Amino acid sequence: MSRQMLSLDDRRYVWEVTQNKIRGSSWNHTIRVGVVNCIDSKNTRLCRFYEVESYPTIRLFNANLEKDDLGMTIKKASSEVLQEKIIQFLIDLQKKNLGAPNWVNLLPYSSKIESIFRNVPQLVKSAVLIVEKNDSLVGSHSILDLGLYETIYVRKIDAGSPALDYIEILDIPAVVVIDRETNKNHVLKGNATTREEITSMIMKEFGIVKEEPSKNISPEKDSSGKPPKGINNGTDQVYMVDIENALSNSLLNEVAVKKNITGVRYQALVNYIDILIRYLPTRPQVLNFLKNFQNHLKKHSYITGEQLVNVIRDLQSTTSVLPEKQQWKGCLGSKPTFRGFPCGLWVTFHTLTVNAVFREKDNPDYNPKDVIRGIHGYVKYFFTCDYCSTHFQEMYKKDAETFVQKPDDEIMWFWTSHNKVNMRLKNSASEDPYHPKQLFPTKKNCPTCYLSHDNSFHRENVKLYLKKLYNSTSISYDGVQALASIEDGKSTSGSADK
């Protein structure tokens, strides 16, 4: 069963930004890239301070960073647009004389041609002027691309600059090379108009060969072809350890990263805790923690992320426990970047919908939309994968409220939505090679879930399968950390009714 929610777009985006486009390129003479994993609890305070509430988030900082400077946020964009924003950020700083001394100069050259080598190290044998319109960033791209090569000095110059009056330039953009020893210049021949073409033309002129970083982002299996030890063998068994991990992660790493939680976001947190208490079949110590946390929330209307962490810490006791991170079981990925929390979250959501139906079967006043609304609020206001949250909200807006009219409908809506996500992410960079994305459940695990004549789903049998799979009586407690018994203080790893 595949339960991963991380999107290909996010994985590829982060890869291109941090590896191929910046860190792995020649831009690292001016740009330094740091990657912070905000899901790691060690980084929660840092991410909260810088108001990083969804991923991927790109922040640009000046080299001379001042205290409390939160930098400039770049919304998710293509790698090309991202580079343009970075260039404009550098140019704006240099206009204010705030750039670092080792940066390449991205401001237009405005002096006489014969003065271009003034204050330039003797190691530099040639200067290059990229002639372009004053609103173009093509030259800046090439300057950054070539900044590592110490024997050439590259600047851009506006096409209308008086410094070019004695140079015959027929087309714009153009590339002018000036020899330091003779002070003679010549215009490179060729019809180069793009950043890549101009950079390539200059490199060819000086015999420069650039090594390209690897762009392989496809997941691969180990050379042995065998899954790592402990990886789920393809069964759909639900484990309490995965649910508890998802619960802890959702509160300590997702909710706690928010700087301020108030208004509709605070109410979404209250609703999320409410459905967890009502329908998540947790161990009694964990249930006590959720109730204690709920009581705290009811007394207030606002909480900061830092306060939330402190409240969770203060509520810990032998009878009130939010478990620490444990080893994933059914959601264990072949690598730390695969499955884990997104998988555990899907398990938790399915478990909520199924157990709500069982617990409310004799309640004529039960509203089957309570659970999906509570989950939707959590995903909308707290789930940090921005792309995943947006896509989930789109699915919800399309038909959740109209589809769910009776209790069983919430089970089937989540099942349908889960399969939509699986098919969208099939063969993506987020796919664990040992857990390929496929329709759930598989025919192997549930033969009766498929119609024999056309291989489509038998929806009624699927519903029965889900009710059995996610029922509280079917959950395995294998692998959970031992908790002190509420009754006598003895260690226990099971549920209250086991």
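Please treat every number below as a calculation from the coordinates, not as lab data. These numbers come from a predicted model, not from an experiment. No Cβ is skipped: glycine too gets one built from the backbone with ideal geometry, and neighbour counts run over all protein chains shown.
With each label point set 7 Å from Cα along the Cα-Cβ vector, what nm distance links residue 107 and residue 35?
Using points 7 Å along Cα→Cβ, the separation is 3.5 nm.
What residue among 231, 173, 319 has its Cα farthest toward the positive end of the dipole of the chain, where the charges are +1 on Lys, Arg and -1 on Asp, Glu, each on the Cβ?
Value computed over the given set: 319.
How far, in nm, would the chain grow between residue 197 and residue 274 when pulled straight, counting 0.36 nm per residue and subtracting the alpha carbon separation? Present the calculation step by step, with values, prior to reporting the outcome.
Values: separation 77, 0.36 × 77 = 27.72 nm, distance 5.90 nm.
Between residue 197 and residue 274, full extension yields 21.8 nm more.
As I understand it, the dipole of the chain uses +1 on the Cβ of Lys and Arg and -1 on the Cβ of Asp and Glu, about the Cα centre. Which of 376, 130, 292 lies farthest toward its positive end?
Looking along the dipole axis, the top candidate is 292.
Give the residue from 161, 60, 472 lying farthest towards the positive end of the charge dipole for the chain; charges sit on Cβ (+1 for Lys and Arg, -1 for Asp and Glu) and the dipole is referred to the Cα centre.
472
Only four residue types carry charge here, +1 at the Cβ of Lys and Arg and -1 at the Cβ of Asp and Glu. Report the dipole size of the chain about the Cα centre in Debye, rounded to the nearest 20.
Working: 65 positive and 57 negative charges, 170 e Å.
For this selection, approximately 820 debye.
Among (1) 45; (2) 66; (3) 55, only one was calculated for this model; which label is it, if the read-out is percent of Cα pairs over 31 Å apart?
The listed entry that was calculated here is (3).
Calculate the all-directions average of the projected area of the stretch 322-384's alpha-carbon convex hull, and give it in nm².
5.7
Given labels modelled 7 Å from the Cα in the Cβ direction, how far is it in nm from residue 262 to residue 337?
Result: 3.9 nm between the two label points.
Please figure out what share of the DSSP beta bridges in the stretch 40-193 is antiparallel and state it in percent, rounded to the nearest 5.
On the way: 12 of 19 bridges.
About 65 percent, rounded to the nearest 5.
Please give, to one decimal in nm, the separation of the simple spin-label points placed at residue 473 and residue 318, each 7 Å out from Cα toward the Cβ.
Simple spin-label model gives 3.3 nm for this pair.
So which trypsin sites (Lys or Arg not before Pro) in the stretch 389-479 are both in a DSSP loop and have at most 10 other Cβ atoms within 10 Å of their Cβ?
Values: sites: 397, 398, 420, 424, 426, 437, 443, 444, 459, 463, 467, 468; in loops: 426, 437, 443, 444.
In loop regions of the stretch 389-479 (DSSP not H, G, I, E or B), the sparsely surrounded trypsin sites (Lys or Arg not before Pro) are 444.
Among 319, 199, which comes first, then next, by fewest other beta-carbon atoms within 10 Å?
On the way: 319 16, 199 24.
By the 10 Å Cβ count, ascending, the order reads 319, 199.
Distance check, please: which entries in 259/380; 361/406; 335/437 exceed 20 angstrom between their Cα atoms? Don't jump to the answer; show the numbers that get you there.
Working: 259/380 16 Å; 361/406 11 Å; 335/437 16 Å.
Flagged as over cut-off: nothing, all pairs pass.
Which entries of 156/184; 42/369; 42/329; 42/444 show an alpha-carbon separation above 29 angstrom in the structure shown? Don't jump to the answer; show the numbers that get you there.
On the way: 156/184 18 Å; 42/369 36 Å; 42/329 23 Å; 42/444 41 Å.
Distance filter (> 29 Å) returns 42/369; 42/444.
What's the longest uninterrupted piece of the chain once you rule out the GluC sites (Glu not before Pro) that are loop residues per DSSP with at most 10 other Cβ within 10 Å? Please list the in-between numbers first.
Values: sites that count: 66, 168, 181, 211, 220, 487.
Counting only loop sites that pass the neighbour cut-off, the longest clear stretch is 221-486.
Express in whole angstrom the spacing between the alpha-carbon centres of the stretch 310-369 and the stretch 60-120.
Taking the Cα centre of each part, the stretch 310-369 and the stretch 60-120 sit 46 Å apart.
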